[in-house]
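One structure below.
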Amino acid sequence: MSQDLNANRPPWAIPGFLEIKNNRLAIGGVDALELVSTYQSPLYVFSEQRIRHNVERLKRAETALGGLPLKVCYAAKANSNMAILRAVKEAGADIETNSGGELFKALKIGFRPEQIIFNGTSKTEDEHADAIRAGIYAIQADSVFEVEQIEKVALRLNKPANVSLRLVPEIETDTMHGLQTAMLTSKFGMLSDEVFECFRRFGKSELVRLRGIHLHLGSQTPDAAPFAEAFLKLFKVLKEIYDETGIRLEHLNLGGGFPTNYALDAANLSGLPAERQYLFAADLEPAEVLTAAIRVVKGAAERSDALHLLENLAILLEPGRSVIADAGVLLTTIRNVKSRPLMQTELEIQNPKSKIQNDEWLLTDAGYNLLLSMNNYKWYYHLISASRAAEKHETAYKLAGPLCDGGDVYFDIEGTRRLPDYRLLPENVGPSEVLALFNIGAYSYAQMFPYNGRPLPAAVLIRENGAVELIRKADTYETLIESDIW
Ligand code: PLP
């Protein structure tokens, strides 16, 4: 069957990971329908092999840096299931945490303190104390007030804190508004004046060890230019700090934001505005991005006679989506169907071959309780029939989840064309057919919630040797009430 697949491989297939076997989807060689019959639906499925592939791809970008060491810190917010963290660690990444809880998980799974950085806009004194006690690589301070607070806690603990300052670089990217994090209008980071103020005040401090500066452009940044601009900005600030205070920074942190290609089959998105298509189809090779970025920075360093400031300078990245998004699949089952008179929509543009007379609705067991971004950002997740993966996907359906909200749908109910109105699947899809949503590994599992009394589902990891490991057991009705007091 694999040979047939190679001859006519669908655009979503990845050899050894997402394949067709006997007309059904196989994930890492394991039959998707068997997984659902063993672990129930809906079900998250992750691939250890794909995680390793993604981490290695990011680490390879070190070769672009011409001798500068690269530290790849996986952004745990994207997915912090403990087995996922273990897989990421074993693949060779370090870790970026964004709360005391993520810091706790990182230490618990065995990341060494020097592998951990700690971000966040609203950290508590307890969280600072945990980070200082552990002796992590850097607490990334978000304001002058936070640096003062770190100093206070370090004094109380009588232990120095490693600190890096988050800069707001005022760089706009082509991602969605909610995912922009580097503009003055966003809530993150310090102005360059505030960064300099911190270096003047704390530059020689024994308690606050200022080691680097940091920025994050935003998630799903679709092109390389803003990364180069950001790297240059960081370097200029590093140089000014050196010129003004004589302090040499140990690292520059370029944040995360490498995109994942969600479009997979462009035909499905043809009715969307060009900028949405561009965003979802984005695909950047990290090594190419860093090659372009370091060229700009080396040029600037040469011109200003400051090449020596690059010596032994560590470059940090904080990728989340590009590590885990395409390593995850969500399996969901059709629970209900209905037929409605055809709406006047973009159907013909999206799928001229469709012959449907009515809107055929498919009601799944996965709504925005599991796919929050689909609702928040109208995020596109490509889907196929896992039950009939090899068949032509040319029949248009309207899809919706199980929640009691009219907005729990797989299209843009506001009519602003941010998602396709219809999804293309084989003919006669009906109850109990299993669908697979691709690229759901990031910001989906991590954001699920038990709305409408729906217990959170199980998750499995397909190990590199093909073994299926349960990495999250499904909640039960009892789990739903275990924290309530009555
Ligand atoms: N670093 C910071 C500070 C972030 O806020 C985020 C995500 O929002 C990331 C890293 C990870 O971004 P991505 O998953 O797009 O790589």
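The values are calculated or read from the model by the stated rules, or taken from the named source; none is laboratory data. Note that the structure is predicted; figures quoted are calculated from it, not measured. So basically every Cβ, Gly included, is an ideal-geometry build from the backbone, and we count neighbours across all protein chains shown. The accessibility values were calculated without ligands, DNA or RNA, using every heavy atom of the protein model including side chains. Shrake-Rupley method; radii C 1.70, N 1.55, O 1.52, S 1.80 Å.
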Within region 216-258, considering residues that are in contact with an Asp or Glu (Cβ under 6 Å, 6 or more places away or on another chain) and modelled with pLDDT of 95 or more, the one nearest to the ligand (Cβ to nearest atom):
Gly256
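Hey, among the residues in region 206-215 that are part of a loop (DSSP other than H, G, I, E, B) and of a type outside the set (Asp, Glu), which one's nearest to the ligand (Cβ to nearest atom)?
Taking region 206-215 as the starting set, the residues that turn out to be part of a loop (DSSP other than H, G, I, E, B) are 206-207, 215.
Right, trim to of a type outside the set (Asp, Glu) and you get 207, 215.
Working: Leu207: 24, Leu215: 8 Å.
Going through the qualifying residues, I end up with Leu215.
Here are Lys105, Lys77: which of them is free of Cβ contacts under 8 Å to residues at least 60 places away in the same chain, basic (Lys, Arg) and at negative phi?
Working: Lys77 fails: free of Cβ contacts under 8 Å to residues at least 60 places away in the same chain.
After applying the criteria, what remains is Lys105.
Can you tell me which residue among Ala474, Ala436 is at pLDDT 95 or above, farther than 29 Å from Pro273 by Cα, out of contact with any Asp or Glu (no Cβ under 9 Å at 6 or more places or on another chain) and small (Gly, Ala, Ser)?
Values: Ala436 fails: farther than 29 Å from Pro273 by Cα.
Unique residue meeting the criteria: Ala474.
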Can you pull out every residue in region 52-93 that is in contact with a helix residue (DSSP H, G or I) (Cβ under 6 Å, 6 or more places away or on another chain) and farther than 24 Å from Leu470 by Cα?
Leu58, Arg60, Ala61, Ala64, Leu65, Leu70, Val72
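May I ask you to verify whether Asn261 is at pLDDT 95 or above, open to solvent by 10 Å² or more (accessible area, probe 1.4 Å) and not in a helix (DSSP H, G or I)? Walk me through how you get there before you give the answer.
Values: at pLDDT 95 or above: yes; open to solvent by 10 Å² or more (accessible area, probe 1.4 Å): yes; not in a helix (DSSP H, G or I): yes.
Judged against the criteria, Asn261 is a match.
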Filter pass, Lys71 being open to solvent by 40 Å² or more (accessible area, probe 1.4 Å), touching a residue at least 40 places away in the same chain (Cβ under 8 Å) and within 16 Å of the ligand (Cβ to nearest atom):
no
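From Gly212, Gly218, which residue is more than 25 Å from Ala306 (Cβ to Cβ) and open to solvent by less than 30 Å² (accessible area, probe 1.4 Å)?
On the way: Gly212 fails: more than 25 Å from Ala306 (Cβ to Cβ).
The unique qualifying residue is Gly218.
Return a yes/no flag: does region 133-155 have any residue that is touching an Asp or Glu at 6+ places or on another chain (Cβ under 7 Å), within 14 Å of the ligand (Cβ to nearest atom) and part of a loop (DSSP other than H, G, I, E, B).
Step one: list which residues in region 133-155 are touching an Asp or Glu at 6+ places or on another chain (Cβ under 7 Å), which gives 137, 144, 149, 153.
If we keep only those that are within 14 Å of the ligand (Cβ to nearest atom) too, we end up with none.
No: zero hits.
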What do you reckon, is Pro273 within 16 Å of the ligand (Cβ to nearest atom) and at pLDDT below 95?
no
Kindly check whether there is at least one residue in region 34-53 that is in contact (Cβ under 8 Å) with a residue 24 or more places away in the chain and within 20 Å of Asn119 (Cα to Cα).
no
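Within region 142-160, restricting attention to residues that are among the aliphatic types (A, V, I, L, M) and in contact with a strand residue (DSSP E or B) (Cβ under 8 Å, 6 or more places away or on another chain), which residue is most open to solvent (accessible area, probe 1.4 Å)? Working first, answer last.
At the first step, the residues of region 142-160 found to be among the aliphatic types (A, V, I, L, M) are 144, 147, 150, 153-155, 157.
Among the residues that remain, those that are also in contact with a strand residue (DSSP E or B) (Cβ under 8 Å, 6 or more places away or on another chain) are: 144, 147, 150, 153-154.
Values: Val144: 21, Val147: 0, Ile150: 0, Val153: 1, Ala154: 0 Å².
Checked region 142-160; the qualifying residue most open to solvent (accessible area, probe 1.4 Å) is Val144.
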